[in-house]
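To start, the structure under review is shown below, and the notes come after it.
The values are calculated or read from the model by the stated rules, or taken from the named source; none is laboratory data. Everything quoted here is computed from the prediction, not taken from an experiment. Here the Cβ positions follow ideal geometry from the backbone for every residue, glycine too, while neighbour counts run over all protein chains shown.
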Amino acid sequence: MNNLEVLANLGWQPYFQQQISLEEWGISIPVRIVEQHRSQLEVTGEEGSFTLPVIPSMPPLTVGDWILLDAEGQFSRLLERQSCFRRRASGQKQTEQLLAANVDTAFILSSLNDDFNLSRIERYLAVIHDAGAEAVVVLSKLDLCPDPVPYRDQAQSLSSSLCIEMVNSLDADSTSVLLPWCAPGKTIVMLGSSGVGKSTLTNSLLGEEVQDTGGIREDDSKGRHTTTGRSLLSMKSGAMLLDTPGMRELQMADFESGIAATFSDIEELAQQCRFADCNHGSEPGCAIQQAIENSELELRRYENYLKLKREQELYTSTLAERREKSKALGKYYKRTIAESKNIKRGE
């Protein structure tokens, strides 16, 4: 196997090759970050796997990044990402946390039980669309659900073009429906809240027990969080698989394009309103309110759209602007939702 074949199995694509000149290629060593720690990076490339110390001159890096090393094996530069997953970091500071880079497909895992949540799926879809990856909704724990069809239909209602698969993560035959997305050189990421079965599915796709797993709490059908770190793992199919820690509440960063893509139906309706400055409340000729009244647009979906738009606007504002806008936006969205409910009830 030549050097390019080794790199291709790690996810190397023409997109990255084109960023390197012939001169630079002759003196550089491309490697991919497969695990990230506070003080060091686990990388792999033509010469196998080894560690690199994290130094202050490095830009923000994440699992999945491709970086170039010089002839001495020292960090040279970061290659431009083909896709990048990020979220708002926890805490009060307005910062972003990188989750994964250069991912081809994201599996959104959602359990076929009481933890199933369409609004959460929409939030993940916005993240994936913004990142520039393909989304596949994977409904897990099929073996524990006597009637999965209503769940599948609800997920499909989000978009007719959305790929939906239902699996029993403990059954290799069941999870084989996901293999078309796991071709050699492709990179897959798992997204989903704690306990939906990401680690179990990871083990099934890898064919070995790599991640610890936990059972379901009987009182609320929620699973126990087991994964504590992010690692890029090689699949027998030749793909690379990333299992992320569970995220019960994904705090969005600057995801305007992701929201627009996820809720394109609402964005298109807004263009059909009689007035260009329609607030989509009680104004005459509002296409959105008419769609809600005619049951063409689900009120829950519109409320979630407003919620995510509000988060987006608040995140991109300065601290002073956020304080001023927060109060006004809160009143606006409460009024809009109240008017939507009244129209739906025919009041």
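What to note about this one:
- Whenever a residue of the stretch 102-126 is farther than 13 Å from residue 163 by Cα, its partners that are of a type in the set (Asp, Glu) and at pLDDT 95 or above, lying with C-beta atoms within less than 8 angstrom and at least six residues away or across chains, give the pairs 102/65; 104/134.
- Qualifying residues in the stretch 63-119 (those that are basic (Lys, Arg) and assigned to a strand (DSSP E or B)) - the one modelled with the lowest pLDDT: 88
- Applying the condition of being closer than 17 Å to residue 70 by Cβ, free of Cβ contacts under 8 Å to residues at least 24 places away in the same chain and not polar (S, T, N, Q) to the stretch 1-29 and asking which residue is surrounded by the most Cβ atoms within 10 Å (Cβ to Cβ) yields 25.
- Once the stretch 134-153 is narrowed to residues that are charged (D, E, K, R) and closer than 14 Å to residue 118 by Cα, the residue that is farthest from the chain's Cα centre (by Cα) is 153.
- Screening residue 122 against (1) part of a loop (DSSP other than H, G, I, E, B); (2) at pLDDT 95 or above leaves a single unmet condition, (1).
- Only one of 63, 54 that is under 16 Å from residue 43 (Cβ atoms), surrounded by fewer than 20 Cβ atoms within 10 Å (Cβ to Cβ) and not assigned by TED's automatic domain parsing to the domain that holds residue 193: 54
- Taken over the stretch 1-45, residues that are of a type in the set (Asp, Glu) and either part of a strand (DSSP E or B) or in contact with a strand residue (DSSP E or B) (Cβ under 7 Å, 6 or more places away or on another chain) (or both) amount to 2.
- Output for the stretch 30-65, where each listed residue is free of Cβ contacts under 8 Å to residues at least 12 places away in the same chain and among the small types (Gly, Ala, Ser): 48
- Note on the stretch 238-265: among residues that are at pLDDT 90 or above and part of a loop (DSSP other than H, G, I, E, B), the one that is farthest from residue 122 (Cα to Cα) is 239.
- Scanning the stretch 171-206 for residues that are assigned to a loop (DSSP other than H, G, I, E, B) and farther than 19 Å from residue 238 by Cα, we see that the one that is nearest to the chain's Cα centre (by Cα) is 192.
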